[in-house]
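> Can you keep this structure in mind? I'll have questions shortly.
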Amino acid sequence: MITTKQTALITGANKGIGFETARQLAQQGFTVWLGARDQARGEAAVKELAADGDVRFVSLDVTDPDSVQAAAAHIGDTTGALDVLINNAAAAFGAEEAPPSTIGLDTIQRTLDVNLYGALRVTQVFLPLVRQAPAGRIVNVSSTNGSITALVDPDSLLAQFPLSYAYSASKTILNALTGSLAVELRDTPIKINSVCPGSNKTDLNGNTGTQHPSEGAKVVVRAATLPADGPSGSFFDVNGPVGR
Ligand code: NDP
């Protein structure tokens, strides 16, 4: 049955920030499609969120074109237009990370496969459903690591960490996608923004982050529910715009 409620899809939502974003949007009354590449992990997450609202599992590996097409067909047939698309899934290959002078090119390729091509593939395939919504919102979950301004600033928090070129570069290009797509869609009601969720304790960083991912999810939810006069093509965190 096509739902009249607003619908959202979150990629990589079986844990971490994506999971908490699913919870918060469900609590706001959205029908939430919880994307996960592993069926058991996805279904377990949906079960855990049952009390929070209407959360449904959709099988979705962002690196697999067939999986993305099947997910779009399923969502289109089941709930129709998509009000919110959140490109949250990401990978970081910590042990393989290195500065640009020494990093293996295959590490960059593997990172881009998920963090950039994954987000772009999902966006291209789901855009027709987002266009069907009255005021679609697309959120690219990025990172201050993708800010060249922050990266070269010795006073930035980033200066304390070893340079992770593959992950940083993937988020820089993701931010470029946000800008270019916002320009392409500027004559539509759709808004697309990048957000940095701050430093969260998740598996991505070996649980070294400083806050619970439910905190990081708040800025993602904000970007997903922007009013008509909100920004498009921006990159912001909880404190406001992040330098590119
Ligand atoms: P987690 O590692 O907790 O979650 C990552 C999610 O992405 C998991 O659900 C994982 O699934 C999924 N995923 C990985 N590869 C694929 C794939 N090919 N297809 C579909 N899903 C996939 O990380 P976070 O919650 O921390 O990260 C969420 C977002 O927030 C990311 O974009 C990250 O870059 C960003 N971010 C996080 C920060 C932090 O402090 N944690 C800081 C800044 C940005 P599976 O369980 O199957 O591996």
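The values are calculated or read from the model by the stated rules, or taken from the named source; none is laboratory data. Just so you know, these numbers come straight off a predicted model, no measurement behind them. All Cβ positions, even for glycine, are placed from backbone atoms using ideal geometry, and neighbour counts span all protein chains on display. Areas reflect the complete protein model, heavy atoms only, side chains present, ligands, DNA and RNA absent. Shrake-Rupley method; radii C 1.70, N 1.55, O 1.52, S 1.80 Å.
> Quick one: putting +1 on the C-beta of Lys and Arg, -1 on the C-beta of Asp and Glu, what dipole do you get for the chain around its Cα centre, in Debye to the nearest 20?
Magnitude of the dipole: close to 400 debye.
> Using modelled amide H (1.01 Å from N, peptide plane; none on Pro or chain starts), what sits under 5 Å from the amide H of ILE192, excluding residues fewer than 5 places away?
ILE138, GLY233
> Before rounding to the nearest 500, sum -39500 (n - 2.57) across all DSSP H runs of length at least 4 in the chain and divide by the residue total; then give [θ] at 222 nm in deg cm²/dmol.
Helix-only estimate at 222 nm: -12500 deg cm²/dmol.
> Follow-up question, since we're still on this one. Using Cα-Cα distances under 8 Å and only pairs 6 or more residues apart, what relative contact order does the chain have, in percent?
19
> Over the heavy atoms of GLU48, what accessible area does a 1.4 Å probe trace out, to the nearest 10 Å²?
120
> Would you mind classifying the range 38-93 by shape? Square roots of the alpha carbon gyration tensor eigenvalues, ordered a ≥ b ≥ c; an a/c under 1.5 is rounded, otherwise it is prolate if a/b is larger than b/c and oblate if not.
Oblate, because a/c is 1.5 or more while a/b does not exceed b/c.
> How would SER180, SER194 rank on accessible area, largest to smallest, probe 1.4 Å?
Sorted by accessible area, descending: SER180, SER194.
> Projected area of the range 9-103, taken from the Cα convex hull and averaged over every viewing direction, in nm²?
7.2
> A follow-up question, please. In nm, give the distance between the simple-model label positions of ALA176 and GLN211, each being 7 Å from the Cα along the Cα-to-Cβ direction.
So the label points at ALA176 and GLN211 sit 2.9 nm apart.
> Please turn the phi angles of the range 39-47 into ³J(HN,Hα) values with the Karplus equation 6.51 cos²θ - 1.76 cosθ + 1.60 (θ = phi - 60°), one per residue in order, whole Hz, x for glycine and proline.
Values, residue by residue: 4, 5, 5, x, 5, 5, 5, 4, 4 Hz.
> Right, here's the next one. Which chymotrypsin sites (Phe, Trp or Tyr not before Pro) from the range 4-75 combine a DSSP loop assignment with at most 10 other Cβ atoms within 10 Å?
Counting only loop positions with at most 10 other Cβ atoms within 10 Å, none of the chymotrypsin sites (Phe, Trp or Tyr not before Pro) in the range 4-75 qualifies.
> Separate question: Run the 1.4 Å probe and let me know the accessible area of VAL242, rounded to the nearest 10 Å².
The value for VAL242 is about 20 Å².
> Relative to the Cα centre, what is the charge dipole magnitude of the range 132-208, using +1 at the beta carbon of each Lys and Arg, -1 at the beta carbon of each Asp and Glu, and rounding to the nearest 20 debye?
Using only the charged Cβ atoms, the result is roughly 200 debye.
> Averaging sequence separations of C-alpha pairs under 8 Å and six or more residues apart, then dividing by the length of the range 136-191, give the relative contact order as a whole percent.
RCO, the range 136-191: 47 percent.
> Can you work out the Karplus-derived ³J(HN,Hα) for every residue in the range 49-55? Use 6.51 cos²θ - 1.76 cosθ + 1.60 with θ = phi - 60°, whole Hz, and x for glycine or proline.
Residue by residue, the range 49-55 yields 9, 4, 6, 8, x, 8, 10 Hz.
> What shape does the range 63-102 take by its C-alpha gyration tensor, where a ≥ b ≥ c are the square roots of the eigenvalues and a/c under 1.5 counts as rounded, a/b above b/c as prolate, and the rest as oblate?
prolate
> Continuing with this model, one more query. Between GLN124 and ALA73, how many nm apart are label points set 7 Å from Cα along the C-beta direction?
The modelled label-to-label distance comes out at 1.8 nm.
> Assuming 0.36 nm per residue, please report the length gained on full extension of the stretch ARG222 to ALA95 beyond their Cα-Cα distance.
Using 0.36 nm per residue and subtracting the Cα-Cα distance, I get 42.4 nm.
> Using +1 at the C-beta of Lys and Arg and -1 at the C-beta of Asp and Glu, which of ALA71, GLY29, GLY42 has the Cα lying farthest in the positive direction of the dipole of the range 1-82?
Of the candidates, GLY29 comes out farthest on the positive side.
> How far is helix 105-115 tilted off the main Cα axis of the chain, in degrees rounded to 10, range 0 to 90?
In the chain, helix 105-115 runs at an angle near 30 degrees to the longest axis.
> Something else about it: Using Cα-Cα distances under 8 Å and only pairs 6 or more residues apart, what relative contact order does the range 123-244 have, in percent?
31
> Please give the residues of the range 101-144, grouped as numeric ranges, whose backbone N is less than 20 Å from a label point set 7 Å along the Cα-to-Cβ vector of ASP64.
Answer for the range 101-144: 110-126.
> Can you give me the angle between helix 65-78 and the longest principal axis of the chain, using Cα atoms only, in degrees from 0 to 90, rounded to the nearest 10?
That works out to roughly 30 degrees.
> With each label point set 7 Å from Cα along the Cα-Cβ vector, what nm distance links GLN132 and ASN239?
With each label point 7 Å from Cα toward Cβ, the separation is 4.2 nm.
> Where does each of 197-209, 166-178 land if you order them by average Cβ count within 10 Å, highest first?
Packing proxy ranking, top to bottom: 166-178, 197-209.
> One quarter of the convex hull surface, Cα atoms only: what value does that give for the chain in nm²?
Approximately 12.5 nm², given one-decimal rounding.
> From the phi angles alone, apply the Karplus equation (6.51, -1.76, 1.60; θ = phi - 60°) to the range 139-152 and give each ³J(HN,Hα) in whole Hz, x where the residue is Gly or Pro.
Along the range 139-152, the couplings run 10, 9, 7, 10, 7, 4, 4, x, 8, 5, 4, 5, 4, 8 Hz.
> Of the heavy-atom accessible surface of the range 87-143 (probe 1.4 angstrom), what whole percent is carbon and sulfur?
57
> Where a Cα-Cα gap under 23 Å defines reach, which lysines qualify for LYS171, not counting those fewer than 8 residues away within the same chain?
LYS15, LYS191, LYS201, LYS218
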